[in-house]
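Structure first, then comments.
None of the figures in this text is laboratory data; all of them are computed from the coordinates on show. All figures in this text were calculated on a predicted structure; none of them were measured in a lab. Every residue, glycine among them, receives a Cβ derived from its backbone with ideal geometry; neighbour counts consider all protein chains shown.
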Amino acid sequence: MLIKHGFYVNVALNEEYMANVTGGRTRDNVLAGQVAAALDIDWQQLAGVKGLWTHMIVINGHGRSFSHTLGDSVTNPEEIYGARGNVVAHLVSMYAEKAFLDDRVILSLGYIPTGSFFGFDYIACSFMNVSICSNFAPGKYVPGGKDWPSGNIGGVLRLRPTEQTYIMGGVFVVSPHDYNGGISGWSMAQSGLGKLSSQVEIGWMPSFGHDRLRGNYKIGMWYDNSRYPDLYADINGNSFQETGLPRRYRSGMWSAWLMFDQMLIRNGSGLADGLIALGGAAYSQGNVVAMRDHEWIGLVETGEPGGVVVTRSGSCSSIWI
């Protein structure tokens, strides 16, 4: 009944249990999860406004972070726990979307997780690792490039010159706080707003052969004119830990990425039904982000047990099977 009037409601539960039973310095087991509720409204069905949609996602977060237990804050093994703690209702997104020229031009405005548009890979969330799900690190670790479940006020303009290509750009207001919108996400008018981050991405989405083996190839970058503290230097360029002087702040930060996923063998009619190779490389300024560069490669097989991903950051690599 709701769908007939343009209301699309979805509720999903995700629970992840992790434990370290041998090796390392710490033994522990944790459970983390979330309940997500999404409301999408088609205003053409509801009120006759062609090409207009609104989207809203609210989540409940609960549990503990396995990464914090192990003393790691860079490669959190749980993609379900991040950018929010235990909250009753956390606002993820709330924005309007208007299509023009038979969906060749799409404008989105509102409270948006930038990483859900830029540097996004829906296949990468097959692995329990927040470093690649669904947006790459280190870009997601700074306020100007927030991914789910944290957002920024701004807009995205997407152009589709052909069925298999797109060009998109975005401008977002940056909050200097660790949690944009506060821990619960609803305080969008936080102090310190005013700086901007701007993104651009170009993509190619080909389909090869009789089986229509789908691929996604994208390259992009973003620039944030906010001021961030240097991880090493004090106001004179020496180690702030040795001198005890205030840290140096650097204006402007940029990040760039190259990402792909390509189906190699098809097992069914769905977009992800088959053997898919994925990978990418990303770079951010190392003087303001602990993870300067990040390279990853992996395989996903849908319908058969198994799947391996390798992620690398500096001299650290991990494998999930």
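Go through K4/K50; K146/K195; K140/K195; K98/K140; K50/K195 and tell me which ones have a Cα-Cα distance over 22 Å in this structure. Distance filter (> 22 Å) returns K98/K140; K50/K195.
Could you give the length gained by full extension between V200 and W254, i.e. 0.36 nm per residue of separation minus their alpha carbon distance, to one decimal place?
Working: separation 54, 0.36 × 54 = 19.44 nm, distance 1.16 nm.
Between V200 and W254, full extension yields an extra 18.3 nm.
Taking 12 Å as the straight-line reach from the Cα of K218, the aspartates and glutamates in range (excluding those fewer than 8 positions away in the same chain) are D121, E201, D261. When T165, T302 are arranged by Cβ crowding within 10 Å, least crowded first, meaning fewest neighbours, the order is T165, T302. Here the label points at A37 and F7, each 7 Å from Cα along the C-beta direction, are separated by 1.2 nm in the simple model. Along the axis of the charge dipole computed for the chain (Cβ charges of +1 for Lys and Arg, -1 for Asp and Glu, origin at the Cα centre), the listed residues F136, G185, I57 are led at the positive end by G185. Given +1 at the Cβ of Lys and Arg, -1 at the Cβ of Asp and Glu and no other charges, the dipole of the chain around its Cα centre is 620 debye to the nearest 20. Among N216, N86, N14, which one moves the most in a GNM of the chain with springs linking Cα atoms closer than 10 Å? Top of the fluctuation ranking is N14. Listed peptides 278-288, 262-272 appear in the order 278-288, 262-272 once ranked by packing, highest mean of other Cβ atoms within 10 Å at the front.
Largest GNM mean-square fluctuation among S134, S198, S187, using the chain with Cα springs under 10 Å: S187.
Could you list D224, D121, D211, D234 in order of exposure, starting from the residue whose Cβ has the fewest other Cβ atoms within 10 Å? The partial results should precede the final answer.
Numbers: D224 26, D121 21, D211 12, D234 17.
Least to most surrounded, the residues fall as D211, D234, D121, D224.
Of the options (i) 30, 23, 19; (ii) 31, 26, 22; (iii) 42, 24, 15, only one is semi-axes √(5λ) of the Cα gyration tensor in Å as computed from these coordinates, and that is (ii). Going from the fewest other Cβ atoms within 10 Å to the most, the residues I219, I202, I57 appear in the order I202, I219, I57.
Largest GNM mean-square fluctuation across H210, H90, H68, computed for the chain with C-alpha springs under 10 Å, falls on H210. Near D147, the amide H atoms lying under 5 Å from its own belong to G115; only residues 5 or more places off or on other chains count, and H is placed 1.01 Å from N.
If I stretch the segment between T243 and Q164 completely, what's the gain in nm (0.36 nm per residue apart, minus their alpha carbon distance), one decimal? All intermediate terms of the calculation are to be shown ahead of the outcome.
Working: separation 79, 0.36 × 79 = 28.44 nm, distance 5.49 nm.
Fully extending the segment from T243 to Q164 adds 23.0 nm.
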